[in-house]
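Scroll down for the structure; my scribbles are underneath it.
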Amino acid sequence: MTELLINLIITLIKILVVLGVFLGIGAYLTWFERKLAGHIQARMGPKLVGPFGLLQPLADGIKLLTKESVIPQNADKPVYYLAVVMAVAPALLLFSVIPFGPEFTLFSYRIKPIISDVNIAILLVFAFGSLAVYGTIFSGWASNSKYAFLGSLRKAAVIISYEVVLGFSVLGVLLLAGTMSTTGIVQAQIERGVWFIVYQPVAFVLYLFCMLAESGRVPFDIQEAEAELVTGYNVEYGGMRFGVFPLAEWYLNTMALSAIATVLFLGGWSGPHIFGPLSPYIWFLVKMFGLVFFVLWLHWTLPRFQARDITEIGWKIMLPLSIVNVVITAIVAHIL
Amino acid sequence: MPWMNRATADRVKFEFKDVEVEFTKHTTNLHVKQERLIDLMKHLKEKEGYRHFIDHTCIDFPDTKERFQGIYILYNPDTNERVIVKTWAKEGKLPSLEKLWACARWAEREAYDMFGIVYEGHENLRRMFMWEGYPYHPLRKDFPLEGIPEVELPSLTELYAGRTDPPSHDFELVHTRVPTLEDLERTEKARLQKKAQLVLNWGPLHPGTHGTIWFLFDLDGEKVVQSDVILGQLHRGMEKIAENIYYFQFLPYTDRMDYISAICNELSYATAVEKLLGVEVPEKARYIRTMFAELQRINSHLLWLGTGALDLGALTVFLYAFREREKIMDIIEGNAGFRLTSAFLRIGGVHYDLAEGTLDVIKAFIKDFPNRLKEYHNLLTRNRIWLRRTKDIGVITREDVFNYGLTGPVARGSGVPYDIRKLEPYAAYDEVEFDIPVGEVGDVYDRYLVRMEEMVQSLRIIEQCVAKLEKLPKSAPYVNKEHPAVMSPKEYVFMDLEDMVKNFRIVVHGENAPPGEVYSSGENPRGELGFYIYSTGGSKPYRLRIRSGALYNLSIFPKLIQNGTIADAIALLGSLDPVVGETDR
């Protein structure tokens, strides 16, 4: 009984820590992105609110929270509200299967820095990734606007084509690791002393593409396409309800998918112990934010694709590539 | 640009006995009876090679029997000759030329809107700029300048408040009765074909339309089955205003047309008026004009580049382009005193002499700008995504260039080397060296490349102008103040009695232009901006017609976007680059 209670408390603390840290980072990622975009675009970015504009996310949050939130007259209200939840929940749930470091002992309790170390973690990732599209589709449908509707349909088309590629690209890693548990995959890489990116470079590139597509970043941001669809699926939302969509899609999703890429391909928390006891966590965050930075960098550099090009690339180029990759991996893994 | 020569005119005269040929000082006019108009136009287009449609408009003579005279301006790209065809409307009717030139449709709709002339055989004779249900025709001479106060645009609010007239702005409520839609009947039929179709409303305020144009797209999925363009949101009646003020007073109004290339507009207008008045422009002024027009061209192309890339999702190019644009703005501001609507030119010269240090700043800009251009090329030109979005999208054939009266970079992108700066040099364009870039395919990508290369050529022109201006003495005149119709610069007005009296006379009585007519045009960043001035003597033009390049370039949009997607529409619109201030005037 006490065992269960203690486990429950430990899990609760872990949840609070992860939520607090990543929602906070998510908010500050907006500051980082704006600063980065500013410097890429030869301007300053936010600099007036607080030192280096560091209080800008707070100001934005207050602004969004205090704004009047207009709901369209003919909106489907339950679905309209549900869309917000459906957008943010899967993105947060993704963090539950991410291992941030190795097991450690605290007050004689063995603690794994992962919320739930299930042995089907990667399956869960796919499941949550697919669920995320509901937020977009619901918002497009419920707001009863043609722009939003078109945007959400585009997103659906992208997700459908890229979910498949995502699954196949990860399959190679699973074959090598022999497990679906995220901790197990990292352990496998540490035991071999090699990151899976070395064995699976093609899969890594495919995964990056899928990551961009899933998180709706340039060059796959067709569901937003502000020039054509104003801002697409969230055009009828206002206030914090509007703020949740980019937070979930652009920041939380990007972070979570980068973290999973780190686990799958970049050896998770492995790295030389140069920062003392915290070094696994630092390594994990460094790798993860390296990928996040890459995504932001692309966002502020490239133009965007067309919907038909994206699906075409997805089905005609990336899917065959990923299948070939899986087959070759399977054969090689079987022989060795 | 030369006008139709005597040999051709004689041939036409031989073919059409009742055609009267009139050689005026600035133009060649063919007068034809209304019944023979289509035959003559067909002959000119097919036999004589006058296949480029430049403009159509009307003049109202309330005192004559037929009252309305139709004016058609055509261009022969083989011999580089223009001709004006004139015909009197019979009982307020003219035959429609839409079978011969597709863009005549829009020009005729505009004339219908402004003069109330009925075009027989026009497929969709609707109002172009004014709203449907408006009972008057503003460019008629009996229409008062201040308008008719009881009639104003009905608004949505008024409709909800119980007003009975159907407002043309509310598409949902009265959409079968909104008759400003291009090709409404066909559109309606198409709309009924399939239930799954969606009508997407773009504008009048939409980030993709670069102003206040209203588009309607009939979508089948993402595919555009049909599209309508509704103009007139920014219609200010420039031509009506011009008829009621002196020539020099209209100059600042031209700034407000294509507000992105104000100095180019002024240059076109000033050239036309100077031709009419017979004003010689001093050398220094010509070079200053050329230099600033080219700076303005770069400025305008940079805006096009930035917004075009922004439309396709490349967010950074926008700010890179604006950074350079800001430098040009500063140069213009330093000389003219204004950034956007600069009113820098004057009839007979420029308003101010070059400001101290201008040439040094421009030289620094010339030195720096090629590197910036390289940056844009690095970001876009060979970018695979950019290529995919722009290649083979919106291909314009050479025939369509002539059929739709396309000019400027849009025409040159399709391989038609139509550039007024070469064909009819004005300012100092005949004394500087530059090339005309042309495209091969005529798609969005070619138009992009053409504009990018045009910036390089503009830079070349500016460089030569700077070299020339450095050699000219500081005391060289920048305005031809000897001419009786040209106002003297301020420094003389305060010092010299004669200059003061002259200025006083011009401001009060106007320039007193001789009777006659002029069609003169300039090569604007958005195509040929032409001014057709019909003067019956006196200080105000009897009729001033503005031939807008952007309007004609836009007229091909509904055709090009068919079977494209919404995402293509944005790329295409960016490459046609209309500015609503000029399309609506």
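The values are calculated or read from the model by the stated rules, or taken from the named source; none is laboratory data. In this text the structure is predicted, and so the values were computed from the model without any measurement. Please note: Cβ atoms are built from the backbone with ideal geometry, for glycine as well, and neighbour counts cover all protein chains shown. Just so you know, the surface numbers come from the protein's heavy atoms only, side chains and all, with ligands and any DNA or RNA stripped out. Shrake-Rupley method; radii C 1.70, N 1.55, O 1.52, S 1.80 Å.
Check A:65, A:153, A:58 and return the single one that is in a helix (DSSP H, G or I), within 14 Å of chain B (Cβ to nearest Cβ) and open to solvent by 80 Å² or more (accessible area, probe 1.4 Å). Quick ask: steps written out before the conclusion?
Values: A:65 fails: within 14 Å of chain B (Cβ to nearest Cβ); A:58 fails: within 14 Å of chain B (Cβ to nearest Cβ).
It is A:153.
Within region B:394-415, the set of residues being among the hydrophobic types (A, V, I, L, M, F, W, C), open to solvent by less than 10 Å² (accessible area, probe 1.4 Å) and part of a loop (DSSP other than H, G, I, E, B) comprises B:396, B:406.
Matching residues to (1) away from chain A (no Cβ under 14 Å); (2) surrounded by fewer than 20 Cβ atoms within 10 Å (Cβ to Cβ); (3) at pLDDT below 75:
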| position | (1), (2), (3) |
| --- | --- |
| B:169 | yes, yes, yes |
| B:173 | yes, yes, yes |
| B:217 | no, no, no |
| B:222 | no, no, no |
| B:226 | yes, no, no |
| B:231 | yes, no, no |
| B:236 | yes, yes, no |
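Screening B:360, B:368, B:353 for residues that are more than 14 Å from every other protein chain (Cβ to nearest Cβ), open to solvent by less than 60 Å² (accessible area, probe 1.4 Å), over 27 Å from the mean Cα position of the chain (by Cα) and over 21 Å from residue B:444 (Cβ atoms) leaves exactly one candidate, B:353.
Considering the conditions (1) buried (at least 20 other Cβ atoms within 10 Å of the Cβ); (2) more than 18 Å from residue B:405 (Cα to Cα), residue B:143 is excluded by exactly one of them, (1). Here is a check on your reading of the model: is residue B:81 acidic (Asp, Glu) and open to solvent by 50 Å² or more (accessible area, probe 1.4 Å)? Considered against the rule, which asks whether it is acidic (Asp, Glu) and open to solvent by 50 Å² or more (accessible area, probe 1.4 Å), residue B:81 comes out as no. It is to be established whether one or more residues within region A:267-274 are among the hydrophobic types (A, V, I, L, M, F, W, C) and at pLDDT 85 or above. Checked region A:267-274: no residue is among the hydrophobic types (A, V, I, L, M, F, W, C) and at pLDDT 85 or above.
Conditions tested, residue by residue: (1) surrounded by 20 or more Cβ atoms within 10 Å (Cβ to Cβ); (2) out of contact with any helix residue (DSSP H, G or I) (no Cβ under 7 Å at 6 or more places or on another chain).
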residue	(1), (2)
B:428	yes, no
B:433	no, no
B:463	no, no
B:467	no, yes
B:471	no, yes
B:475	no, yes
B:485	yes, no
B:495	no, yes
B:511	yes, no
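Results for (1) at pLDDT below 90; (2) in the same structural domain as residue B:32 (by TED's automatic domain parsing); (3) open to solvent by less than 30 Å² (accessible area, probe 1.4 Å), shown as yes or no for each residue.
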position	(1), (2), (3)
B:90	yes, yes, no
B:107	yes, yes, yes
B:125	yes, no, no
B:129	yes, no, yes
B:132	yes, no, no
B:135	yes, no, no
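Restricting A:137, A:160 to residues that are part of a helix (DSSP H, G or I), in contact with a helix residue (DSSP H, G or I) (Cβ under 6 Å, 6 or more places away or on another chain) and under 30 Å from residue A:242 (Cβ atoms) narrows the list to A:137.
Is region B:22-36 home to any residue that is under 24 Å from residue B:555 (Cβ atoms), at pLDDT 85 or above and in contact with a strand residue (DSSP E or B) (Cβ under 7 Å, 6 or more places away or on another chain)?
Initially, region B:22-36 is screened for residues under 24 Å from residue B:555 (Cβ atoms), giving none.
No, that holds for no residue.
Here residue B:298 passes the criteria (1) part of a helix (DSSP H, G or I); (2) of a type in the set (A, V, I, L, M, F, W, C); (3) farther than 21 Å from residue B:449 by Cβ; (4) away from chain A (no Cβ under 14 Å) except the one numbered (3).
Only helices (runs of 4 or more DSSP H) wholly contained in region B:515-585 count here; list those with 2 or more residues that are within 14 Å of chain A (Cβ to nearest Cβ). Walk me through how you get there before you give the answer.
On the way: elements: B:549-554, B:557-561, B:566-576, B:580-584.
Result: B:566-576.
There is at least one residue in region B:523-538 that is open to solvent by less than 10 Å² (accessible area, probe 1.4 Å) and either more than 24 Å from residue B:256 (Cα to Cα) or among the acidic types (Asp, Glu) (or both).
Got a sec? Which of A:297, A:283, A:269 is within 14 Å of chain B (Cβ to nearest Cβ), open to solvent by 10 Å² or more (accessible area, probe 1.4 Å) and of a type in the set (A, V, I, L, M, F, W, C)? Steps first, please.
Values: A:283 fails: within 14 Å of chain B (Cβ to nearest Cβ); A:269 fails: within 14 Å of chain B (Cβ to nearest Cβ).
A:297 is the lone residue from the list that is within 14 Å of chain B (Cβ to nearest Cβ), open to solvent by 10 Å² or more (accessible area, probe 1.4 Å) and of a type in the set (A, V, I, L, M, F, W, C).
Out of B:273, B:279, one residue alone is β-branched (Val, Ile, Thr), more than 14 Å from chain A (Cβ to nearest Cβ) and surrounded by fewer than 24 Cβ atoms within 10 Å (Cβ to Cβ). It is B:279.
The set of residues in region B:270-295 that are under 25 Å from residue B:358 (Cα atoms), touching a strand residue (DSSP E or B) at 6+ places or on another chain (Cβ under 7 Å) and in a helix (DSSP H, G or I) comprises B:270, B:271, B:285, B:288, B:289.
Being within 14 Å of chain B (Cβ to nearest Cβ) and open to solvent by 10 Å² or more (accessible area, probe 1.4 Å) is the filter here; which residues of region A:156-188 pass it?
First, the residues of region A:156-188 that are within 14 Å of chain B (Cβ to nearest Cβ): A:156-158.
Correct list: A:156, A:157.
With respect to the conditions (1) closer than 30 Å to residue B:559 by Cβ; (2) among the β-branched types (Val, Ile, Thr); (3) in contact with a strand residue (DSSP E or B) (Cβ under 9 Å, 6 or more places away or on another chain), residue B:444 falls short on a single one, namely (3).
For residue B:344, are the conditions met, namely being open to solvent by 50 Å² or more (accessible area, probe 1.4 Å) and of a type in the set (Phe, Trp, Tyr)?
Details: open to solvent by 50 Å² or more (accessible area, probe 1.4 Å): no; of a type in the set (Phe, Trp, Tyr): yes.
No; evaluated as a whole, the condition is false for this residue.
Across region B:313-328, the qualifying residues are those that are open to solvent by less than 10 Å² (accessible area, probe 1.4 Å) and modelled with pLDDT of 85 or more, and the one among them that is farthest from the other protein chains (Cβ to nearest Cβ) is B:328.
To keep it simple, each residue is scored yes or no on (1) more than 13 Å from chain B (Cβ to nearest Cβ); (2) aliphatic (A, V, I, L, M); (3) farther than 19 Å from residue B:308 by Cα.
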{"residue": "A:202", "(1), (2), (3)": "yes, yes, yes"}
{"residue": "A:208", "(1), (2), (3)": "yes, yes, yes"}
{"residue": "A:214", "(1), (2), (3)": "yes, no, yes"}
{"residue": "A:220", "(1), (2), (3)": "no, no, no"}
{"residue": "A:229", "(1), (2), (3)": "no, yes, no"}
{"residue": "A:233", "(1), (2), (3)": "yes, no, yes"}
{"residue": "A:238", "(1), (2), (3)": "yes, no, yes"}
{"residue": "A:248", "(1), (2), (3)": "yes, yes, yes"}
{"residue": "A:251", "(1), (2), (3)": "yes, no, yes"}
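Just so you know, in region B:334-350 the residues that are in a helix (DSSP H, G or I) and more than 24 Å from the chain's Cα centre (by Cα) include one that is farthest from residue B:249 (Cα to Cα), and it is B:334. Could you tell me whether any residue of region A:24-38 is more than 14 Å from chain B (Cβ to nearest Cβ), open to solvent by 70 Å² or more (accessible area, probe 1.4 Å) and touching a residue at least 12 places away in the same chain (Cβ under 8 Å)? Yes, there is a match, as at least one residue in region A:24-38 is more than 14 Å from chain B (Cβ to nearest Cβ), open to solvent by 70 Å² or more (accessible area, probe 1.4 Å) and touching a residue at least 12 places away in the same chain (Cβ under 8 Å).
Before we move on, is residue A:214 buried (at least 22 other Cβ atoms within 10 Å of the Cβ) and under 17 Å from the mean Cα position of the chain (by Cα)? Let's see the steps before the verdict.
Values: buried (at least 22 other Cβ atoms within 10 Å of the Cβ): yes; under 17 Å from the mean Cα position of the chain (by Cα): yes.
Yes, satisfied.
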